[in-house]
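Student: Here it is, the structure in full.
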Amino acid sequence: MLNIIFFGTPQFAVPTLEALIAHPDFNVLAVVTQPDKRRNRGNELSPCPVKTLALHHHLTVWDPKSVKKDGETLAKLRSLAADFFVVVAYGQILSQEILDMPKYGCINGHGSLLPKYRGAAPIQWALVNGESVTGMTTMLMDAGMDTGAMLLTSQLPIQLLDDAHQVASQLAQQSAELILETLPKLAAGEIQPMPQNAEAATYAPLIQKADYELDWSLPAIALHNKIRGFYPNCGTPFRQGTLKILKTIPLHPQVATALPPEFTSLTEQLVQEAASGTPATPGTLIAVIKNQGAIVQTAEGGLLLQEVQLSGKRVQSGWDFANGCRIEVGERVGQSEDS
């Protein structure tokens, strides 16, 4: 039996911890996670998803503010003499002192096909950049940012209408499966760690508030990718408030074959109309489609607003939004009424 200490924080890490707890060949000695945070409207301190699961299974939990500076936690980690530290979306940098503690090393489950998308937000940036495939990589951690030698990988195709939550849910399950495969094989010497090609590396930095702003002078595909990559946070000025845009359909010939038939024909219609006249200014609401919603003109193609949220309101379908706000063709998004 392999003795494990698990490091993780958000929901993404939960399936891996669940799999380790349930598997008879692994013994989870303790869980290290982030401190409780104030969440929701009540602003009360509440534990993260990993801590909630760990406590449910009566596991030992440590949640230091800084694990590499907390002498008590460091002493406990060392005393348990674990075979592996397993790290999935923990959220803190581990010092070399910590990396050297377990017998076989620290194994990280990272949500990309390394060396692409090293960093804090690999799933989101893969979608924003329009990748058609992503995956999970297990690696032997070193002192760099996701630079350790790779162990095993698994791939996941990305569909045109997938958003970050959907992709993360699938990758979280792949993470659990890949970790369960990696640990015994590495301990048995059946995996040869493979150094990453640093020249092929790309980065997925922390997402900033400004990243959520939508620029309607971009093509429909670029806007769609940004909205689904940063789901559910992208927004644009509309009338006297902000309109969050959660789900869209890009009406552009480049992706028409990947859309359901009704949207393919709608794309063809827009192309014909654009060819016969002067295109509207980007950001203009150019049509309202019954039972679907409003279409916004972009630099290239139209963007159908399929799911939105007005300031202070609940999430609603694009059609309910168009009806409720009495959307008129010629209105603009991307600018407030008083601008």
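Student: Do any trypsin sites (Lys or Arg not before Pro) in the range 1-53 lie in a loop, going by DSSP, with at most 10 other beta-carbon atoms within 10 Å of their beta carbon, and if so which?
Tutor: Working: sites: K37, R38, R39, R41, K51; in loops: R41.
Loop-located and lightly packed - R41.
Student: Can you tell me the dipole magnitude for the chain around its Cα centre, using point charges on the Cβ only (Lys, Arg +1; Asp, Glu -1), in Debye to the nearest 20?
Tutor: Here the chain has a charge dipole of around 820 debye.
Student: State the answer as a single residue: which of P260, I21, V288 lies farthest towards the positive end of the charge dipole of the chain, with beta carbon charges of +1 for Lys and Arg and -1 for Asp and Glu, about the Cα centre.
Tutor: I21
Student: Looking at the chain as a GNM with Cα springs under 10 Å, which of V315, V86, V167 has the largest mean-square fluctuation?
Tutor: Its mean-square fluctuation being the largest, the pick is V315.
Student: Using +1 at the C-beta of Lys and Arg and -1 at the C-beta of Asp and Glu, which of P64, M141, I245 has the Cα lying farthest in the positive direction of the dipole of the chain?
Tutor: Positive-end residue among those listed: P64.
Student: Tell me, in nm to one decimal, what length is gained between D36 and E268 on full extension, where the rule is 0.36 nm per residue of separation less the Cα-Cα distance?
Tutor: Once the chain is fully extended between D36 and E268, it gains 78.4 nm.
Student: Still on this structure, please answer the following. Work out the charge dipole of the chain with +1 on the Cβ of Lys and Arg and -1 on the Cβ of Asp and Glu about the Cα centre, then indicate which of Q196, G277, P35 is farthest towards its positive end.
Tutor: Of the candidates, P35 comes out farthest on the positive side.
Student: Next question, about the same structure. Starting from the Cα gyration tensor of the range 56-168, take the square roots of the eigenvalues, sort them a ≥ b ≥ c, and report rounded, prolate or oblate (rounded when a/c is under 1.5, otherwise prolate if a/b is larger than b/c, else oblate).
Tutor: It comes out prolate by the Cα gyration axes.
Student: Using 0.36 nm times the number of residues separating V133 and A187, minus their current alpha carbon distance, what extension gain do you get?
Tutor: Difference between extended and current length: 16.5 nm.
Student: Which of rounded, prolate, oblate describes the range 1-79, given a ≥ b ≥ c as roots of the alpha-carbon gyration tensor eigenvalues and a/c under 1.5 marking rounded, otherwise prolate only if a/b is larger than b/c?
Tutor: It comes out oblate by the Cα gyration axes.
Student: List the trypsin sites (Lys or Arg not before Pro) within the range 243-322 that fall in a DSSP loop (any state other than H, G, I, E or B) and whose Cβ has at most 15 other Cβ atoms within 10 Å.
Tutor: Of the trypsin sites (Lys or Arg not before Pro), the ones in loops of the range 243-322 whose Cβ has at most 15 other Cβ atoms within 10 Å are K290, K313, R314.
Student: To continue, here is another question. Over the range 12-112, what is the mean sequence separation of C-alpha contacts under 8 Å (at least six apart), divided by residue count, expressed as relative contact order in percent?
Tutor: That works out to 23 percent.
Student: From the convex hull of the Cα coordinates of the range 249-328, what is the mean projected area in square nanometres? Write down the numbers at each step before the final one.
Tutor: Values: hull surface 22.0 nm².
Over all viewing directions, the range 249-328 projects a mean Cα-hull area of 5.5 nm².
Student: So what's the back-of-envelope 222 nm ellipticity for the chain, counting only DSSP H runs of four-plus at -39500 (n - 2.57) apiece and dividing by all residues, rounded to 500?
Tutor: Working: 9 runs with 93 residues, N = 339.
Calculated at 222 nm, the ellipticity per residue is -8000 deg cm²/dmol.
Student: Here is a follow-up. Mind sorting out which of (1) 5, 23, 27, 20, 15, 8, 2, 0; (2) 5, 24, 34, 27, 9, 1; (3) 5, 23, 32, 24, 12, 3, 1, 0, 0 is the real P(r) over Cα pairs in 10 Å bins from 0, in percent computed from the coordinates?
Tutor: Structure-derived value, by its label: (1).
Student: Next up: Tally up the carbon and sulfur contribution to the accessible surface of the chain as a whole percent, 1.4 Å probe, everything protein left in place.
Tutor: On the way: 8240 of 16530 Å².
Here it works out to 50 percent.
Student: Rolling a 1.4 Å sphere over the protein heavy atoms, what is the accessible area per residue of the chain, to the nearest Å²?
Tutor: Normalised by residue count, the accessible surface of the chain is 49 Å².
Student: If you don't mind, another one. At a 10 angstrom cut-off on C-beta neighbours, averaged per residue, how do the peptides 193-199, 177-183, 236-242 rank from highest to lowest?
Tutor: Per-residue Cβ counts within 10 Å, averaged per peptide and sorted highest first, yield 177-183, 236-242, 193-199.
Student: Are there any helices in the chain, counted as whole DSSP H runs, that stretch 27 Å or more along their axis by Cα and score at least -1.0 on average by Kyte-Doolittle, and if so which?
Tutor: 164-187
Student: Measure up K247/K313; K226/K247; K37/K226; K37/K65; K69/K209 against 18 Å on the Cα-Cα distance and list the ones that go over.
Tutor: Working: K247/K313 16 Å; K226/K247 10 Å; K37/K226 28 Å; K37/K65 11 Å; K69/K209 29 Å.
Checking Cα-Cα distances, K37/K226; K69/K209 exceed 18 Å.
Student: Using the Cα centre as the reference, give the magnitude of the dipole from point charges on the C-beta atoms of the range 1-156 (Lys, Arg: +1; Asp, Glu: -1; all else neutral), rounded to the nearest 20 debye.
Tutor: Dipole magnitude for the range 1-156 comes out near 400 debye.
Student: For the chain, set up a GNM with springs between Cα atoms under 10 Å and report which of G91, G229, G135 has the largest fluctuation.
Tutor: Taking springs between Cα atoms under 10 Å, the residue moving most is G91.
The values are calculated or read from the model by the stated rules, or taken from the named source; none is laboratory data. These numbers were taken from a predicted model, which means no experiment stands behind them. Note that we place each Cβ from the backbone using ideal geometry, even for glycine, and neighbour counts take in every protein chain shown. Surface areas here come from the heavy atoms of the whole protein model, side chains and all, with no ligands, DNA or RNA. Shrake-Rupley method; radii C 1.70, N 1.55, O 1.52, S 1.80 Å.
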